[in-house]
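To start, the structure under review is shown below, and the notes come after it.
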Amino acid sequence: QVQLVESGGGLVQAGGSLRLSCAASGRTVSTYAMGWFRQAPGKEREFVAAIRWSGSTRYADSVKGRFTISRDNAKNTVYLQMNSLKPEDTAIYYCAADPSDSSYYTDAYDYWGQGTQVTVSS
């Protein structure tokens, strides 16, 4: 089993930045596909970013150029650097992990964190 704990959320003004962290425990996730998703009030959860074990990344069009996903395998942690934040980025952000590399492409993950709230004020 893998446990994921997100942190770093909060309230920020439009144009500001936040860095989310996702700390994994229970197993080493260095070979796992890792992803970030978000869910805004009244909306379905949506894909934000993903990173493969190799370091390859992909992003939703809505965050491309503003968000950066990265991983520190020594710390068993994945990050999401969010710059130029917009009010429409307001959501609960979830971290996800899966031992299958295909999850990087399919957005199907076995392990999920509890989420961290990000609120962007205009």
Quiz prompt | For the chain, built as a Gaussian network whose Cα springs stay under 10 Å, the top-fluctuating residue of Asp89, Asp110, Asp98 | solution = Asp110
Self-check item: Two-site label geometry, Thr119 and Arg19: point separation in nm, points 7 Å out along Cα→Cβ
Solution: 2.4 nm
Quiz item: Along the charge dipole of the chain, which of Cys22, Phe37, Gln1 sits closest to the positive end, that is, farthest toward it, with unit charges on the beta carbon of Lys, Arg, Asp and Glu (+1, +1, -1, -1)?
Solution: Cys22
Quiz item: Among the GluC sites (Glu not before Pro) within the stretch 44-122, which fall in a DSSP loop and have no more than 15 other Cβ atoms within 10 Å of their own Cβ?
Solution: Glu44
Quiz item: Mind listing P(r) for the chain? All alpha-carbon pairs, 5 Å bins, whole percents.
Solution: 2, 13, 24, 27, 19, 10, 5, 1
Quiz item: Using a Förster distance of 22 Å, how high is the FRET efficiency between Ser56 and Ser100, based on the Cβ-Cβ distance and rounded to 0.05?
Solution: 0.90
Quiz item: Can you give the net charge of the other residues whose Cβ lies under 14 Å from the Cβ of Gly26, counting K and R as +1 and D and E as -1?
Solution: -1
Quiz item: Share of the stretch 31-122's accessible area from carbon and sulfur, percent, 1.4 Å?
Solution: 46 percent
Quiz item: Computed over the Cα atoms of the stretch 47-110, what is the convex hull's projected area averaged over all directions, in nm²?
Solution: 4.7 nm²
Quiz item: Roughly how big is the chain's charge dipole about its Cα centre, with Cβ charges of +1 (Lys, Arg) and -1 (Asp, Glu), in debye to the nearest 20?
Solution: 280 debye
Self-check item: With at most 14 other Cβ atoms within 10 Å, longest stretch of the chain clear of loop trypsin sites (Lys or Arg not before Pro) (DSSP)
Solution: 76-122
Self-check item: C-alpha center-to-center spacing [the stretch 72-119, the stretch 1-48] in angstrom
Solution: 3 Å
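The values are calculated or read from the model by the stated rules, or taken from the named source; none is laboratory data. It should be emphasised that the depicted structure is a prediction, and the values quoted were computed from it without experimental measurement. Note that each Cβ is placed from the backbone with ideal geometry, even for glycine, and that neighbours are counted across all protein chains shown. Side chains included, ligands, DNA and RNA excluded: accessible areas come from the protein's heavy atoms. Shrake-Rupley method; radii C 1.70, N 1.55, O 1.52, S 1.80 Å.
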